[in-house]
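Engineer: My structure is below; once you've seen it, I'll send some questions.
Bear in mind that the values in this text are calculations on the coordinates, not laboratory data. As the structure is a prediction and not an experimental result, all values here were calculated from the model. Note that we place each Cβ from the backbone using ideal geometry, even for glycine, and neighbour counts take in every protein chain shown.
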Amino acid sequence: MRIPFTETRLLRAEVQELSTELAQQANSNQLLAESVADLERALNEPGWIQALATADREFTAEGLVRLRAICRLYAIKSPLIRRGLNLRSAYVWGQGVEITARANGHRHPGEQDVQKVVTSFLDDPANVRAVTGAEARDQLDHALGTDGELFFALFTRPLDGRVQVRTIAADEVVRVVCNPEDRSEPWYYQRRWIREVLDPATGHYTSTTVEGYYPAIDYRPATRPRRIGAHPVHWDAPVLHVTVNRPHGWQRGIPDAYAAIDWARAYKEFLEDWARLMRSLSRYAWKTTTPGRKSAAVKARVAQAPSRDPSTGEPQHAGATVMLSPDMGLEAVSKSGATIDADSGRPLATMVASALDVPVTMLLADPGQTGARATAETLDQPTELAMGQRRDLWASWYQRILRYVITEAVRAVNGPLRGTIRRDAWTGSEQVALAADTDLTVDIVWRDLDDTDIATTVRAIKTASDTGTVPPEVVLRLLLTALGVRQVDDIVGQLLDDDGGFMWPNGPPLGGGPSAADRQRAGQDPADTGTGRMTPDGDADQ
């Protein structure tokens, strides 16, 4: 069969087009193969070989000691890192935090007062000084920025379960001993420190190197050795290890300031160079050119100008006059097309802000050229998320410490709480159950970081209160928190009687008596609108 000439030409054109596409595809594959080969050859360069060789190894204890020393130094001397760490601490702790136990002894008959145990721990003067006070919280948050980790030792008195918390310096912890089958489960922290003892008779100090092991807060085996080798094991002081920026699989944390140090130093050097340039440009303000026969007279006239500042007596470094012969010239470096103002170093400061998760506008305490409020708020939103995450970390650490405090209050012979402690057969961890079905939950509430309208919040609280399902003490707590009142727990506690009934400061609200929630807790009909305060036997005073 003969194919028409027109169709033959079309078929040849299609074949030619397919051949061209195949050739292009082959060239692309060859280029791709060459690109991959180039990348593989680049990995064999000395710099990459050294980086990859150390990428799977953690910093040594000695290296971490040096790293933390550098971070502490820069947190003191570098304005950018100092302000960045201050901003982080202010975001986390500046608005305060409310720590309350749900069980306060007033919810139902027989309920134990967990709040009393929590408050006793938080308000202990030694604990306030070391961990729970405002000054201690600020110092500990800065320590995360310079050390990357904290070690809380919970010294426990076995007779009554009282717990006092202290911090162990990160440089003193030389090793973290983990479960040999699970690197993520710490068992012991090996501590080595120097103990200095003052002799009152001579006034001399005696220094002794001491070493010991501290168990992890979650490690309490059935058999507990008193010593490991020649060193004691302090079972009465378990340790909670707090870390930030810890790479997966590592045991130690990395300081927040570590990523910012190089850029803070670069910004400092830029400003020094800029100041030096300004100083050099301001050295000569005038130039005179004169022939040789008149140079002596001009030189004498110039010499009459004061060489020192009349007010300070120091040499004048700016505004001097230079005298040149006609064949000489003095000229500053050309500034055409160049930017030599101090704001040129702003990208360096931006890198410091990125490392510390704070906006550069706040880091420099200057909105810059834009200065737009919308821009500042947009930059601040990621910061709020980052600081909210740090708040969550602090909340989880506090809850773990307080759970230990509650557990020891149950374990102690004369402890203030009653309950049972059983060991989980599968995980080996201890489970605590308080008597009378007492809730051992501890709530940690932070104020919102964003600028929520207070009036809107109050209206929402009132709407919830009008439903009659929210107890008045909860409504009061929400209102005080929204208004930024401190010591909310103390205020609410003063308005609860011995039976947990809410005592209205100026009598019950209009419409009468106890709320529906109060009547329901007392075993009455929530729809009853009788007036008066709820009594222990469930009746309302008329």
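Engineer: Any chance you could run the full-extension gain for residue 196 through residue 425? It's 0.36 nm times the residue separation minus the Cα-Cα distance, nm to one decimal.
Structural biologist: Extra length available between residue 196 and residue 425 comes to 78.0 nm.
Engineer: Something else now. Residue separation times 0.36 nm, minus the C-alpha to C-alpha distance between residue 95 and residue 244: what's the value?
Structural biologist: So the chain would gain 51.5 nm between residue 95 and residue 244.
Engineer: Using r as the Cβ-Cβ distance of residue 77 and residue 491, and R0 as 41 Å, what FRET efficiency do you calculate, to the nearest 0.05?
Structural biologist: Step by step, r from the Cβ atoms, then E = 0.40.
Engineer: For labels at residue 342 and residue 21 in the simple 7 Å Cα→Cβ model, what's the distance in nm?
Structural biologist: It is 6.3 nm.
Engineer: Explain nothing, just the number: dipole magnitude of region 226-272 about its Cα centre with +1 on each Lys and Arg Cβ and -1 on each Asp and Glu Cβ, in debye rounded to the nearest 20.
Structural biologist: Here the size comes out at about 360 debye.
Engineer: Just grab the label-to-label distance for residue 443 and residue 136, each label 7 Å out from Cα along the Cβ direction, in nm (one decimal).
Structural biologist: 2.5
Engineer: Here's another thing I want to ask about it. Subtract the Cα-Cα distance of residue 175 and residue 60 from 0.36 nm times their separation in residues, and report this length gain in nm to one decimal.
Structural biologist: Difference between extended and current length: 40.4 nm.
Engineer: Between beta-carbons, use under 9 Å as the cut-off and find the net charge around residue 144, counting Lys and Arg +1, Asp and Glu -1.
Structural biologist: -2
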